[in-house]
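Below is one structure, written out as structure tokens; the observations come after it.
Readers should treat all values here as calculations from the given coordinates under stated rules, not as data from a laboratory. It should be emphasised that the depicted structure is a prediction, and the values quoted were computed from it without experimental measurement. Cβ placement follows ideal geometry from the backbone for every residue including glycine, while neighbour counts extend to all protein chains displayed.
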Amino acid sequence: MSNQAHDRTLNRRVFSASLLAAPWALSLASPAFAAATVGQAAPDFSAPDTTGKTRKLSDYKGKLVVLEWTNPGCPFVQKHYNGNMQGLQKEFAARGVVWLAINSTEASHGDYLAPAKFTGWLGEKQAAPTTALMDESGKIGQLYGAKTTPHMYIVSPQGRLIYAGGIDSIASAREDDIKTATNYVRQGLSEALGGKTLSVASSRAYGCSIKYKT
């Protein structure tokens, strides 16, 4: 092996080791989920929003609903909250879509934000979810098989799960990749609003692993 080839191999190994060692290490979730299954009824749930009011998924039956698992401390979330996620929220809120941002980070983890701080972060980012839900127990996330932040789901007006997976097609934390990726959420919502079957109903979610309570 030449010295240049040896150096390239060594660099790849060092990069891979540093990536795995990072606290936010990239997680690629399997498209197969434990309980929530595309094409089946989306499991109902209730959770407090950041004001303490209890919200139920079934309260929004008759509307398209997006479930967005999030964690402000995750670089992959930060990538999309430099404008991409907020743009989606505002674009589809104007078309009657309900958007639920769900934080399943357990309370003892360093990334945890109490409800007021989570609300503050969303305000700083000029985010526009319909509401933000607290799931410190992780029960809702585990019910849906949510693995990463972000992890995205779309529920039909009839209450069926019609999409589960990544926000887009490029699994990276690089903001520059947004413009060349296929945004599966925008594509799916646009198709659903047009009365079409989703061309991509599931994909591999990517991001930081959800910090579930153990």
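I want to confirm something. Restricting to segment 47-67 and keeping residues that are under 18 Å from Y144 (Cα atoms) and of a type in the set (K, R), which single residue is surrounded by the most Cβ atoms within 10 Å (Cβ to Cβ)? Top of the filtered list is R55. Looking only at residues in segment 82-106 that are closer than 16 Å to K139 by Cβ and in contact (Cβ under 8 Å) with a residue 40 or more places away in the chain, the one that is surrounded by the fewest Cβ atoms within 10 Å (Cβ to Cβ) is E106.
Mind listing just one residue for me: the one in segment 171-183 that is within 14 Å of the chain's Cα centre (by Cα) and part of a loop (DSSP other than H, G, I, E, B) and, of those, surrounded by the fewest Cβ atoms within 10 Å (Cβ to Cβ)? Here the answer is S172.
From the list L189, L198, pick out the single residue that is surrounded by 18 or more Cβ atoms within 10 Å (Cβ to Cβ) and part of a helix (DSSP H, G or I). Exactly one residue qualifies, and that residue is L189.
Residue count for segment 115-140 under the criterion of being more than 13 Å from D49 (Cα to Cα) and in contact with a helix residue (DSSP H, G or I) (Cβ under 7 Å, 6 or more places away or on another chain): the result is 4. When L133, L113 are screened for being touching a residue at least 40 places away in the same chain (Cβ under 8 Å) and touching a Leu at 6+ places or on another chain (Cβ under 9 Å), only L133 passes.
Among the numbered criteria (1) outside any helix (DSSP H, G or I); (2) aliphatic (A, V, I, L, M); (3) out of contact with any Phe, Trp or Tyr (no Cβ under 6 Å at 6 or more places or on another chain), which single criterion is violated by I154? Only one criterion is unmet by I154, namely (3).
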